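Where a number appears in this text, it was derived from the coordinates with a stated rule and is not lab data. Everything numeric here is computed off the predicted structure, so don't read it as measured data. Cβ coordinates were reconstructed from backbone atoms using ideal geometry, including for glycine residues, and neighbour counts include every protein chain displayed.
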Amino acid sequence: MTGRRMTMKGGAASVAAKAAAVVIEDYKLEELLRRPFRNNEPGADYPGLCTDITWRQIVQYSASHIVNDYFSLTPEQRSAEAIDKSAHRRWSNRAYKFESADHYHYIRNVTVSNVTRFLSEDRDIVPLVLFESFRRHIPSVNSDISFITQVLYRTGSGKESPYVIQKYLVDDDPGVIAGFRHIAVLFGSEAFGSLPGRIEVFGVLSGNRYVFRPQPEEIAKAADYIRLLRDYMPRAETGARAGRSHTSICGKCALRNKGVRSPEHAGPAPLRRVVH
């Protein structure tokens, strides 16, 4: 997999425009959309931030590691046994964060079973990007967007072959999925120079797989959607900062990837393998 690259589209906005822009981080956007469905959890009054790690965040963190481990192997090395070994190493032992011991074991079994099925169906893909965070100035929303790409691969061998973006989610509620679809459409069209051929979302608890094939007319709709949330996010975060002293470590982790591409970056984006 080494030597394969995903190229970001060139051409940055003016220095003045970038200085005035806000930064939209995809994990904060997801929390903003998710929190109305989690009113009984810590931090529900303050969308986007929480004071403690929830069991859902632990599951997201562990599942992401398992996916990363799997696709870091060559296709010949990928197997259900490899996934089991990764789950044994990666799954958190913080059972006290779950509702009960039975709940802890049930969630682990369901998650590993679903992830194993998903990964087995995609055994032969070769990711161009694996759990890497990109940041890009998007003029249409006058904002920098920080976008974590979990898995990205091309459907063919040529550079012009359509690319696919995959997302593994613990909470695959409609609002979160719609938000991810919009940000993937907007970021992909601007930063990678073309729309994704497909966007695939995997619900690691539900076992559901969602497949979207974006069309050009979705770009303007995505920009409208992101602008609307951009204007709401500062108000939500102001309330959060007033009542909270620190944020969860799981919010922006995506394997705690520190390899952020700057807005000015216009060169190739190499595949990164992030292993803890």
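Here the Karplus curve 6.51 cos²θ - 1.76 cosθ + 1.60, taken at θ = phi - 60°, turns the phi angles of segment 152-164 into couplings of 9, 8, 9, 7, x, 8, x, 5, 8, 5, x, 10, 10 Hz, with x standing for Gly and Pro.
Legend: calculated FRET efficiency, residue 74 to residue 211, from the Cβ-Cβ distance at R0 = 30 Å, rounded to 0.05, equals 0.70. Under the combined filter of DSSP loop state and at most 13 neighbouring Cβ atoms within 10 Å, segment 59-99 retains these GluC sites (Glu not before Pro): 99. Amide H contacts of residue 192 (H built 1.01 Å from N, in plane; Pro and chain starts excluded): 9 sit under 5 Å, all sequence-distant by 5 or more or on other chains.
Here the calculated FRET efficiency for residue 82 and residue 232, from their Cβ-Cβ distance with R0 = 30 Å, stands at 0.10, rounded to the nearest 0.05.
For segment 157-199, the fraction of alpha-carbon pairs lying more than 18 Å apart is 30 percent, rounded to a whole number. Determine which residues of segment 173-217 fall in the zone a paramagnetic label at residue 117 would reach in this model, i.e. backbone nitrogen under 13 Å from the point 7 Å along Cα→Cβ. Under 13 Å, as judged by backbone N against the label point of residue 117, lie 202-210 of segment 173-217.
Shown in residue order for segment 175-184 are the 3J(HN,Hα) couplings computed by the Karplus curve 6.51 cos²θ - 1.76 cosθ + 1.60 at θ = phi - 60°: x, 5, 5, 4, x, 5, 4, 5, 5, 5 Hz (x for Gly and Pro).
A simple rule links phi to the HN-Hα coupling: the Karplus curve 6.51 cos²θ - 1.76 cosθ + 1.60 with θ = phi - 60°, which for segment 73-83 gives 7, 6, x, 5, 8, 7, 6, 4, 5, 5, 5 Hz, with x for Gly and Pro.
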